[in-house]
Each structure stands twice: as structure tokens, then as C-alpha cells.
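First comes the structure, then the notes that go with it.
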There are 2 protein chains.
Amino acid sequence: MEQRLDIHNSDTPKTCLACEVRLRGICATLSSSQLLELSKHTRQTKHQAGEELISDGEKVNSYATIIYGVVKLSKILEDGRQQVVGLQFAPDFLGRLFAEQNSFCAESASDVQICRMPKKAIEKIITNNPDLEHILLEQTLKELDEAREWIVTLGRKSALEKVACFLHLIATHLDPEHVQQNQCEIIFDLPLTRADIADFLGLTIETVSRQFTKLRTERVIEITARRHIIVPNLSVLKKTCG
Amino acid sequence: MEQRLDIHNSDTPKTCLACEVRLRGICATLSSSQLLELSKHTRQTKHQAGEELISDGEKVNSYATIIYGVVKLSKILEDGRQQVVGLQFAPDFLGRLFAEQNSFCAESASDVQICRMPKKAIEKIITNNPDLEHILLEQTLKELDEAREWIVTLGRKSALEKVACFLHLIATHLDPEHVQQNQCEIIFDLPLTRADIADFLGLTIETVSRQFTKLRTERVIEITARRHIIVPNLSVLKKTCG
DNA sequence: CGAAGACTTGACTTGAGTCAAAATTAGTGG
DNA sequence: CCACTAATTTTGACTCAAGTCAAGTCTTCG
């Protein structure tokens with residue numbers, strides 16, 4: 001593992017030194033010289049919730065690292081039905097490696113900041129840096145595990161269990177800075193609208209809303225404002241996931 | 001890309017020379033010496049439909065390559081609900097790389113033959129052979145794409161569309177040798193029981209059966225025997241997938 | 001031939017969807 | 001700061017697709 005030594009290395013680009021996910025994302029595997037080279041081509045951008053970062057069917061020209069915020073990956077069928085196929089959190093790598101075309105669209109679910117880098121630049125570094133390829137393989141395997149867990153949730157769970165699973169996912173994946181934790185109590189703001197949640201869970205917004213109400217009356221969660229959730233006891237929530 | 005030259009190379013192990021997927025699976029990336037070394041530790045096994053190849057929660061000791069047949073990956077909830085999270089076909093690599101424990105179970109859906117290899121052996125070769133890691137990354141990315149496509153199917157499609165999607169998947173993924181193709185007509189035997197199909201689609205066997213009947217009466221498919229399916233026109237089937 | 005397993009069909013129930021309306025919240029401009 | 005509008009969320013009444021339970025039929029195999 002590379003140490004924080006390079007923080008004092010004058011070769012490391014200024015933007016990178018200031019980057020919150022510098023030591024957690026893919027950049028952590030890069031040498032100072034690779035980072036310097038790559039940083040000449042990167043561009044950090046901020047986006048409000050609801051902006052399209054990558055569109056389905058578009059030619060892939062760049063990848064990105066999520067610096068903060070939540071990104072939803074989704075697919076829209078011709079007749080308008082929409083399904084969110086995954087959520088990504090900082091410092092995930094964004095974009096389908098080695099593909100010519102995107103097969104899903106990526107949209108900011110909350111306000112986000114990303115660091116875009118050209119497809120070619122990354123792919124060139126990969127060929128010379130097995131560590132980078134390895135970390136990308138690890139992330140891809142993790143995403144595959146999560147996708148399969150989600151298949152179980154979509155295929156075999158009731159609406160109530162689905163919503164509980166979703167809340168559990170958010171409570172455990174949100175940046176620690178956005179989560180308050182007093183003893184076993186967890187407090188956070190939902191990064192998604194009810195419509196997004198419905199599209200993620202394969203439900204309608206009405207059903208999602210009813211399950212929120214049910215979880216509240218069963219005291220599994222407290223809803224202090226629409227998006228503001230308190231989970232008094234995470235293990236109770238987990239039991240509700242089925 | 002390595003050429004078929006090594007077929008005449010006496011260093012290549014006999015079992016590997018006879019292996020049907022030798023040039024398509026992960027072994028295609030190995031040098032003669034790596035293959036020779038690995039083959040000392042591999043063991044080919046045959047299994048009838050319904051045998052457990054890897055069990056959920058078990059310590060991972062080996063990986064495998066599928067030589068022929070279909071393997072289903074599934075998860076069983078405590079209350080007995082089951083969900084198939086993926087199907088794998090020859091020459092897929094089987095097993096969760098780098099994990100200590102399996103998080104899903106793998107079972108032969110049809111009769112299968114696999115080539116098992118010790119976890120340690122593969123992981124050692126990976127560290128010296130970036131080509132192998134690359135091909136594994138490519139397979140993992142492909143599986144992730146498929147898992148996400150499946151999430152769309154589970155989350156947003158009707159029972160009829162789900163069954164049509166399943167038939168389309170099988171028709172396009174089965175080994176060509178098990179598929180007969182006369183002009184646009186496709187004929188094959190289903191490698192899964194109705195119960196497996198139901199667990200894959202998040203439905204009940206009764207609903208799956210009713211959708212088969214409906215597809216038959218709508219002339220999208222012909223069912224000549226329970227498992228024997230004729231798709232007169234693949235594009236008609238595809239339209240039915242929604 | 002008989003029994004067990006796999007699959008289909010029918011009658012009824014139920015959980016989630018649909019449509020409509022009300023309530024809440026957020027945003028805007030006076 | 002408050003009224004007004006627009007968007008989001010909740011709630012209610014009703015419908016319908018898929019689930020459940022129960023027979024019945026077809027296959028396979030000893």
C-alpha cells in the first residue's frame with residue numbers, strides 16, 4: 001500500500017492534493033508521475049441533482065471518479081418504464097470500462113462532484129499498471145455482488161422488505177460525514193426522491209410512500225421531514241429486510 | 001492474441017489438448033508453462049443436474065471453468081424463498097475471485113462438466129499474468145452488464161415479458177451444438193426445470209406455466225415436449241420481451 | 001404397470017398498481 | 001415575511017396481475 005508520504009511530494013498536482021477521495025479511489029494506485037500525467041487531462045465538475053452525467057447509447061469518451069454525492073445508473077424502456085440498476089457513492093469509479101457505448105444512463109441523484117478523465121488516458125495507464133487493473137477488478141466484483149444482492153431483493157421480497165432494504169443500503173453506504181450516529185441511532189437525509197426510490201425498487205411512488213408510513217407506524221424509522229430519516233436501531237431495520 | 005500453434009506443442013497437457021473450451025476460457029491466456037503448472041492441480045468432474053457445486057457461506061478453496069452445461073447461481077433466504085441470481089454457460093469462470101467466503105450457491109442446472117483449480121494456484125498466476133487478470137475483468141464486466149439487464153427485467157417487466165426474456169436469453173446463450181437453427185427457426189431443450197425458471201424470474205411455477213401456455217397460443221413459441229422449445233422467429237420473441 | 005415427479009389448469013385471494021384527491025413542502029416574487 | 005404557485009408526497013377507493021391452494025394430466029423410470 002502506498003503511504004501518505006506523497007502528500008508532501010511536490011510532484012503531486014494541487015487539485016489532487018485537495019481531493020477528498022485521493023487516497024481511496026483509483027488514484028490511490030497511481031504513481032506520482034502517472035498522477036501528474038493523468039491530472040493534465042482531468043476536469044472536476046459539480047452537478048445539481050437530476051443532471052445526466054452519461055446517457056444511454058452514447059459513445060464512451062470519458063470515465064470519472066465520484067468525489068462526493070450519489071449517482072444513479074438507470075435504464076429506460078421504450079414505453080417509458082424506468083429501472084434504476086445501481087447506485088454509486090464516492091469514491092466509486094463511474095463508467096463501463098472498455099465499452100464503445102454506454103448501455104445505461106448515469107444521473108446525479110443528489111448534488112455531486114465528479115472528476116472526469118479521458119477514456120484513452122485511463123486505458124493507457126491500465127496497460128502499464130496492473131495495480132490499477134486489480135483495483136478496478138475488485139470494484140467490479142463488489143458491484144457484481146451488490147447487483148446480485150439486489151436481484152434477490154427485486155425478485156423475492158415484498159414491498160415493505162424492499163423499502164427496508166433500500167433504507168438499510170443508504171444508511172450503510174452514505175458518506176460518514178452525511179450520517180449522524182448517536183450510539184446505535186442513525187440519522188441521514190435520503191439522497192433520492194420517492195420517484196427514484198420507486199424506480200430503484202421496481203415499485204410505484206404510491207406503494208413506496210405507503211411502506212414508509214407503515215415503517216413509521218411500526219416504529220422501525222422516524223420521518224422528521226420528507227427526506228430526513230432517523231433509524232433508532234439498525235438491527236431492527238435489518239430484520240425487516242427479510 | 002495467442003495462436004493455435006501450441007496445439008502441437010508437446011508441453012501442453014493431454015487433458016487440456018482435449019478440452020473443448022481450451023481456447024475460449026481463461027486458459028487461452030496462459031503460456032504453455034503456466035498451463036502445465038496449473039494442470040498439475042486441476043481436476044475435471046462431471047455432475048448430474050441438481051448437484052451443488054459451491055455452497056453459500058462455504059470457504060472458497062477452488063475456482064472452476066465450465067466445460068459444458070449450465071450452472072445456476074442462487075441465494076436462499078432463511079424462510080426458504082429462493083432466487084436465482086445468474087446463469088453461467090461454458091466457458092465461464094466459476095467462483096467469486098479473491099473472496100474468503102462464497103456469498104451465493106452454485107448448482108448444476110443441466111448435466112455439466114467443470115474443471116476445478118485451486119484458489120491459490122490461480123491467484124498466484126494472476127499476479128504474474130496481467131492478461132489473465134484482464135480477461136477476468138472483462139468477464140466480470142460482462143456479468144455485471146447481464147446482472148443489470150436482469151434487474152430491469154425483474155423490476156419492471158410483466159410475467160409474460162419475463163418468460164419471453166428468459167427464453168430469449170437461453171436461445172442466445174446455449175452452446176451452438178445444443179441449438180438447432182433452420183433459417184430463422186431456433187430449436188433447443190430448456191436446461192432448467194419450471195421451478196428453476198420461476199426462481200430465476202421471481203415468479204411461481206404456476207405463473208411460469210401459464211405464460212408458457214400463453215406464448216404458445218400466441219404462436220411465439222411451440223412446445224413439442226415439456227422442455228423442447230421451437231422459436232419460429234427470434235425477432236417476434238424479442239418483441240415480446242418488452 | 002404403478003408410483004413419483006414434473007407440469008398444467010382452474011377457482012379464488014391478495015398485494016401492489018391505478019386513478020383521483022388531499023396534504024405537505026419548497027420556491028418565488030411582492 | 002407572507003401569500004401564491006408548483007412540485008412532491010400522502011392517503012383513499014377501486015382494479016387487476018400474480019400468488020395460493022387444489023386437482024388433474026402427463027412423463028419417466030423402476
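Every read-out reported here was derived from the displayed coordinates using simple, explicitly stated rules and does not represent laboratory data. Fair warning: this is a prediction, and the values are worked out from it, not measured in the lab. When we count neighbours, we look across all protein chains shown, and the Cβ atoms used for this are built from the backbone with ideal geometry, even at glycine.
Points to keep in mind about this one:
- In degrees, nearest ten, helix B:119-128 long axis to first principal axis of chain B (Cα): 70 degrees
- Residues of the range B:71-101 with amide N under 15 Å of the 7 Å Cα→Cβ point at B:E51: B:71-72
- Rg to Rh, two decimals, where chain B supplies the alpha carbon set and Rh follows Kirkwood: 1.00
- Counting neighbouring beta carbons within 10 Å and listing from fewest to most, the residues A:K124, A:K162, B:K119, A:K14 come out as A:K14, A:K124, B:K119, A:K162.
- Kirkwood hydrodynamic radius over Cα pairs of the range B:14-131, then Stokes diffusion coefficient at 25 °C and 0.890 mPa s, in µm²/s: 166 µm²/s
- Taken residue by residue and averaged, Cβ atoms of other chains lying within 10 Å of the Cβ of A:21-28 number 0.
- Derived from the Cα gyration tensor, the three semi-axes of the equivalent ellipsoid of the range B:109-152 are 24, 18, 7 Å, largest first.
- Between helix B:159-173 and chain B there is an angle of about 40 degrees, using the helix long axis and the longest principal axis of the Cα atoms.
- Gain on full stretching of the segment that runs from A:T224 to A:R43 - 0.36 nm per residue minus C-alpha separation: 61.4 nm
- In this simple spin-label model, placing a label point 7 Å from the Cα along the Cα-to-Cβ direction at both B:D11 and B:T127 gives a separation of 2.2 nm.
- Computed over chain B, the per-residue total of -39500 (n - 2.57) for DSSP H runs of n ≥ 4 gives a 222 nm mean residue ellipticity of -11500 deg cm²/dmol, rounded to 500.
- Two-decimal Rg to Rh for the range B:147-240 - Kirkwood Rh, Cα set: 0.93
- With the convex hull drawn over the C-alpha atoms of the range B:73-181, the volume per residue is 142 Å³.
- Derived scalar couplings ³J(HN,Hα) [the range B:183-194; Karplus, 6.51 cos²θ - 1.76 cosθ + 1.60; whole Hz; x for Gly, Pro]: 5, 8, 7, 10, 10, 7, 9, 5, x, 10, 6, 4
- Across the protein assembly as shown, the volume of the C-alpha convex hull divided among the residues equals 168 Å³ per residue.
- Partner aspartates and glutamates for B:K14 [C-alpha distance under 14 Å; skip if fewer than 8 residues away on the same chain]: B:D6, B:E37
- Cβ-based exposure ranking for B:Y68, B:Y63, in which fewest neighbours within 10 Å come first: B:Y68, B:Y63
- GNM result for chain A, Cα springs below 10 Å: residue of A:T207, A:T127, A:T65 fluctuating most strongly: A:T127
- Averaged over the residues of B:155-161, the number of partner chain Cβ atoms lying within 10 Å of the residue Cβ comes to 5.
- Least to most buried among A:V220, A:V236, A:V84 (fewest other Cβ within 10 Å first): A:V236, A:V220, A:V84
- Shielding value for A:136-147 is 6, the average number of Cβ atoms from other chains within 10 Å of each residue's Cβ.
- Legend: residue pairs A:K59/B:K162; A:K157/A:K238; A:K40/A:K120, Cα-Cα distance threshold 18 Å; pairs beyond threshold, A:K59/B:K162.
- Separation in nanometres of the label points that stand 7 Å from Cα toward Cβ, at B:K238 and A:T213: 4.4 nm
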